[in-house]
Amino acid sequence: SLTMFNKQKLGADGKRVIIECNEDTYFTIGIFRGSMIKEAIFTGDMYMIPNEMFYDCTELESVVFPENLTLIGEAAFWDCVSLREVNFPKSLRSIQADGFIGCKSIKSIILPEGFESIGDTAFAGCTSATEIYIPFSGSYKNNFSFDAEKGAYVKTGHKDAAKHEDAYPDDEIV
């Protein structure tokens with residue numbers, strides 16, 4: 001049976017929300033839009049973070065992703081300016097356009113092995129990033145997916161990745 005969540009059902013206390021999911025869980029687009037939560041913890045089965053789920057949650061500092069997550073939707077974490085750390089699960093395969101745009105406090109972006117695609121401007125505005133790892137087994141294109149601190153260390157597993165001399169002077173293409 002389909003379970004639909006809204007803010008009242010989730011019971012966010014203003015600081016932390018625990019989101020229990022199963023394969024039939026459905027969230028409305030932008031369910032937490034503009035909320036002042038600081039921590040989000042996913043439990044259970046959830047394969048996709050919906051579009052705009054945490055859009056403009058400027059107080060959000062940390063997220064614990066579900067272990068079987070494969071997709072992060074468009075603008076899911078748009079302007080979560082306090083989000084400092086993202087630990088992606090090994091199952092993650094895709095981040096859609098604008099996924100983390102404007103998350104200026106993120107220091108490290110390590111995408112898991114087997115990651116396949118990243119949308120345009122997915123990490124644009126993540127200007128505090130000092131370490132980025134892109135293991136693409138799929139296609140890679142320079143689509144302005146990343147902004148980083150000048151001198152950021154960027155490593156990619158794709159042999160055709162372009163070295164961006166201006167933004168990433170210490171890139172290592174492996």
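A few notes on this one:
- With θ taken as phi - 60° and the Karplus curve 6.51 cos²θ - 1.76 cosθ + 1.60 applied, the whole-hertz 3J(HN,Hα) list for region 64-77 is 9, 7, x, 5, 9, 5, 10, 9, 10, x, 4, 6, 4, 10 Hz, x standing for glycine and proline.
- Rg(Cα)/(2.2 N^0.38 Å) for region 14-107, N = residue count: 0.95
- Taking amide H as placed 1.01 Å from N in the peptide plane, the amide H of Cys21 sits under 5 Å from that of Thr43, Gly44, Asp45, each at least 5 places away or on another chain.
- Site pair Lys107 and Phe88 shows an inter-label distance of 2.0 nm when each label is modelled 7 Å from Cα along Cα→Cβ.
- For region 81-131, the solvent-accessible area with a 1.4 angstrom probe is 40 square angstrom per residue.
- Atom-type composition of the exposed protein surface of region 42-85 places 44 percent of the accessible area on carbon and sulfur (1.4 angstrom probe).
- Couplings 3J(HN,Hα) of region 121-133, computed from phi: 6, 4, 10, 5, x, 8, 6, 8, 5, 10, 9, 9, 10 Hz, in residue order, whole Hz [Karplus 6.51 cos²θ - 1.76 cosθ + 1.60, θ = phi - 60°; x for Gly and Pro].
- Summing charges over neighbours of Ser105, with a neighbour being any other residue whose Cβ is under 10 Å away from its Cβ, gives +1 when K and R count +1 and D and E count -1.
- Cβ crowding within 10 Å averaged over residues, with 27-38, 74-85 ranked highest first: 74-85, 27-38
- Label point 7 Å beyond Cα of Met48 along Cβ direction - residues of region 70-88 with amide nitrogen under 14 Å: 70-76
The values are calculated or read from the model by the stated rules, or taken from the named source; none is laboratory data. Treat the numbers as computed from the prediction; the structure is a model and nothing was measured. A quick note on method: Cβ atoms are made from the backbone with ideal geometry, for glycine too, and the neighbour counts reach across all protein chains shown. Only protein heavy atoms, including side chains, enter the accessible area calculation; ligands, DNA and RNA are left aside. Shrake-Rupley method; radii C 1.70, N 1.55, O 1.52, S 1.80 Å.
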